[in-house]
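Comments concern the structure below.
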Amino acid sequence: MKKILVTGGLGFIGSHTVVELQNKGFEVVIIDDLSNSKIDVLENITEITGIKPLFHEIDLRVKADVTSFFDTNKVDGVIHFAAFKAVGESIQKPLAYYENNIGSLVYLLQEMKNRNIDHFIFCSSCTVYGQADALPINENAPVKKAESTYGNTKQIGEEIIAESCKAYNMNAIALRYFNPIGAHESIKIGELPLGVPQNLIPFITQTAAGLRKELSVFGADYDTSDGTAVRDYIHVVDLAKAHIAALERLINKKNKANFEFFNVGTGIGSSVLEVITAFEKATGKPLNYKIVGRREGDIVAAYADTTIANKELNWKTEKSLEAALAAAWKWQQQQ
Ligand code: WQD
């Protein structure tokens, strides 16, 4: 049985990936510093799978602690989620973002290199494409200059991994996520946004729950079918499964280059108004919303061409937008 380190394994995508790893028979050890997650998630994962993952509360910025973890734990691969992820905050606190998102990555790769641990999966983002010139976005689309420090940490992160793979003959896959949403069907794990949500779906569910007065739809004058911005919303369980597919590709030596990257989305673009309609249909809850001006920094439209990921990872999404929104709503109601 392979043992996999999942950093940030108590977070939104990390926790769902731990469940899928355990379902596939992997042994999991989690590192999380609890800076944006709760320890209860460990128990909730255990309730879903019947297996308690190993857990270490470690801040990956502390190099000595990272070394000491690897001194005492033998792992066969690493899935690295632990990172700061707030786009706006990253522009206010660039050094904190570089220290955490880049520093931790370097420490992990150093330990892996020193111990010949070969399999590394990195959480990257469709933000690397910026506003792509063509839709849907495939992996050959150019990486554009990042508009935020957060986005830059993902671009630099991919470069660090690519160079390390080449120099040290390691193997890694970066998954470029589109917009992850939803919750596990057990409704035991889901997204726990701190404070006022910045992302569309948690804002919708909190509005439907009466915690927010109304949803502001940022811009209805875009060049899209109904004027609102378009994104590719992927169910978090489908996204989690892409990590297992990527890991198995590396373990089975099916990768075609030391460093590969794949777009992980559904291939379907949905406008903000389409998401609102789908939410109302999936939950029967009418949503209070109003159209306001555009949000600074937003792109018009992004959705994935999933052809390469579907073929190479032998993976595809299975869940609908409605299913993801219904799960997000059940999760909200249970909070
Ligand atoms: C979606 C759409 C908004 C809130 C995400 C992540 C970011 C990066 C890229 C990971 C947009 C609109 C939103 C609201 C709205 N991911 N909206 N009212 O901007 O695609 O960014 O993907 O690397 O970290 O956040 O996602 O959910 O913020 O917005 O109208 O109150 O919903 O303008 O068109 P976005 P989002």
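Apply the a/c threshold of 1.5 to the C-alpha gyration tensor of segment 1-73 and tell me whether it is rounded, prolate or oblate.
Since a/c reaches 1.5 but b/c is at least a/b, the shape of segment 1-73 is classed as oblate.
Ordered by 1.4 Å accessible area with all protein chains kept, SER104, SER216, SER68 run largest first as SER68, SER216, SER104. Computed from Cα positions, the angle between helix 321-334 and the longest principal axis of the chain comes to roughly 90 degrees. Between the Cα long axis of helix 149-168 and the first principal axis of the chain there is an angle of about 30°, rounded to the nearest 10. Return one number: the angle in degrees, 0 to 90 and rounded to the nearest 10, between the long axis of the Cα atoms of helix 12-23 and the longest principal axis of the Cα atoms of the chain. Once rounded, one gets 60 degrees. Within the assembled protein chains, the solvent-accessible surface assigned to ASP133 is about 130 Å², based on a 1.4 Å probe. Legend: distances between Cα atoms for LYS144/LYS285; LYS253/LYS330; LYS154/LYS281; LYS2/LYS316; LYS290/LYS316; LYS74/LYS166; pairs beyond 30 Å are LYS144/LYS285; LYS253/LYS330; LYS154/LYS281; LYS290/LYS316. With all protein chains kept in place, the per residue accessible area of segment 230-335 amounts to 47 square angstrom at a probe of 1.4 angstrom. Taking amide hydrogens as placed 1.01 Å from N in the peptide plane, the amide H of PHE55 sits under 5 Å from those of ILE30, each at least 5 positions away in sequence or on another chain. Prolate is the label for the chain, because the ratio a/c of its alpha-carbon gyration tensor axes (a ≥ b ≥ c) is 1.5 or higher and a/b is greater than b/c.
Of the residues MET1, MET112, the one with the largest accessible area comes first in the ranking MET1, MET112, computed with a 1.4 Å probe on protein heavy atoms. When TYR233, TYR303 are compared by accessible surface with a 1.4 Å probe, the order from highest to lowest is TYR303, TYR233. Per-residue 3J(HN,Hα) values for segment 194-201, derived from phi via the Karplus relation 6.51 cos²θ - 1.76 cosθ + 1.60 with θ = phi - 60°, read 7, x, 6, x, 8, 8, 4, 5 Hz in sequence order (x marks Gly and Pro). Element breakdown for the chain at a 1.4 angstrom probe: carbon and sulfur atoms account for 50% of the accessible area.
Considering only DSSP beta bridges with both partners in the chain, what is the antiparallel share in %, to the nearest 5?
Numbers: 2 of 41 bridges.
Percent antiparallel among DSSP bridges in the chain is about 5.
The values are calculated or read from the model by the stated rules, or taken from the named source; none is laboratory data. Treat the numbers as computed from the prediction; the structure is a model and nothing was measured. Please note that ligands, DNA and RNA were not included when accessible areas were found on the heavy atoms of the full protein model with its side chains. Shrake-Rupley method; radii C 1.70, N 1.55, O 1.52, S 1.80 Å.
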